[in-house]
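Student: One structure is given below, represented as structure tokens, and several questions about it will come after.
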Amino acid sequence: MVLDTLARCDRYKPLHPAFARAFEFLTRADWADLGAGAASARRHEIDGDRMYISLDRIEGRGREGARLEAHRRYIDIQLTIDGHEEIGWKPLGNCVQPAGAFDATKDIGLFSDRPESWLSLPAGHFAIFFPDDAHAPLGGRGTVQKAIMKIALE
């Protein structure tokens, strides 16, 4: 897991072959043109299913309503565009309470475990979650605009 500001994203480009392209997109995006203020999530393909971004404007659920999730095929880069996001985190290996079977079609597994730590992501901050990072988005309160970049492992 990585937590940082978008202004310092260059240091993470070597972590994955697609990160340079992903961070270039995130730093140059015109969020208004992409519909980041829309009430429902919007998906924009950058490289088909290998890299795409979902934009959302949504109310936080609070820490008690945030659920841990994990992915097998994708790395998430979650960027707060506006508002203040809180995301819970726990190593996937420490999650012992699956909340149902893994959904391979949606590439998501949910857990009833509680996060071990909470990350604060004000506007301009991002977090990278790898497949071994369970994360619980929307742990804050209030409206948040965010971008979720999905990057395929292969």
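Student: Quick check on residue 90: is it out of contact with any strand residue (DSSP E or B) (no Cβ under 9 Å at 6 or more places or on another chain) and not β-branched (Val, Ile, Thr)?
Tutor: So residue 90 fails the test.
Student: Among (1) aliphatic (A, V, I, L, M); (2) under 27 Å from residue 102 (Cβ atoms); (3) open to solvent by less than 20 Å² (accessible area, probe 1.4 Å), which single condition is residue 26 missing?
Tutor: Here residue 26 clears every test but (2).
Student: Determine whether the range 73-85 contains at least one residue that is open to solvent by less than 30 Å² (accessible area, probe 1.4 Å) and of a type in the set (Phe, Trp, Tyr).
Tutor: yes
Student: Something else about it: Hey, can you tell me all the residues within the range 51-66 that are in a strand (DSSP E or B) and open to solvent by less than 20 Å² (accessible area, probe 1.4 Å)?
Tutor: Passing the criteria: 51, 53, 55.
Student: Take the residues in the range 4-19 that are under 23 Å from residue 154 (Cα atoms) and aliphatic (A, V, I, L, M), then tell me which one is least open to solvent (accessible area, probe 1.4 Å).
Tutor: 18
Student: Next question. Any chance the range 89-98 includes a residue that's touching a residue at least 60 places away in the same chain (Cβ under 8 Å) and out of contact with any Cys (no Cβ under 7 Å at 6 or more places or on another chain)?
Tutor: yes
Student: When you look at residue 69, is it surrounded by 17 or more Cβ atoms within 10 Å (Cβ to Cβ), within 19 Å of residue 139 (Cα to Cα) and of a type in the set (D, E, K, R), yes or no?
Tutor: Criteria met by residue 69.
Student: Test residue 108 against the stated conditions and say whether it is open to solvent by 10 Å² or more (accessible area, probe 1.4 Å), hydrophobic (A, V, I, L, M, F, W, C) and in contact with a strand residue (DSSP E or B) (Cβ under 8 Å, 6 or more places away or on another chain).
Tutor: So residue 108 passes the test.
Student: Being farther than 17 Å from residue 145 by Cβ and either acidic (Asp, Glu) or more than 13 Å from the chain's Cα centre (by Cα) (or both) is true for just one of 32, 70, 101, 123. Which residue is that?
Tutor: After ruling out the rest, the residue left standing is 101.
Student: Please go through (1) open to solvent by less than 50 Å² (accessible area, probe 1.4 Å); (2) closer than 23 Å to residue 153 by Cβ; (3) in contact with a Phe, Trp or Tyr (Cβ under 9 Å, 6 or more places away or on another chain) for residue 89 and return the number of the only condition it doesn't satisfy.
Tutor: So the condition that residue 89 fails would be (1).
Student: Tell me which residues, restricted to the range 122-140, are surrounded by fewer than 20 Cβ atoms within 10 Å (Cβ to Cβ), touching a helix residue (DSSP H, G or I) at 6+ places or on another chain (Cβ under 7 Å) and farther than 17 Å from residue 12 by Cα.
Tutor: 132 - this is the single residue of the range 122-140 that is surrounded by fewer than 20 Cβ atoms within 10 Å (Cβ to Cβ), touching a helix residue (DSSP H, G or I) at 6+ places or on another chain (Cβ under 7 Å) and farther than 17 Å from residue 12 by Cα.
The values are calculated or read from the model by the stated rules, or taken from the named source; none is laboratory data. None of the values given here were measured: they were computed from a predicted structure. Every residue, glycine as well, gets a Cβ built from its backbone with ideal geometry; the counts of neighbours run over all protein chains shown. Note: accessible area is taken over every heavy atom of the protein model, side chains too, but ligands, DNA and RNA are not part of it. Shrake-Rupley method; radii C 1.70, N 1.55, O 1.52, S 1.80 Å.
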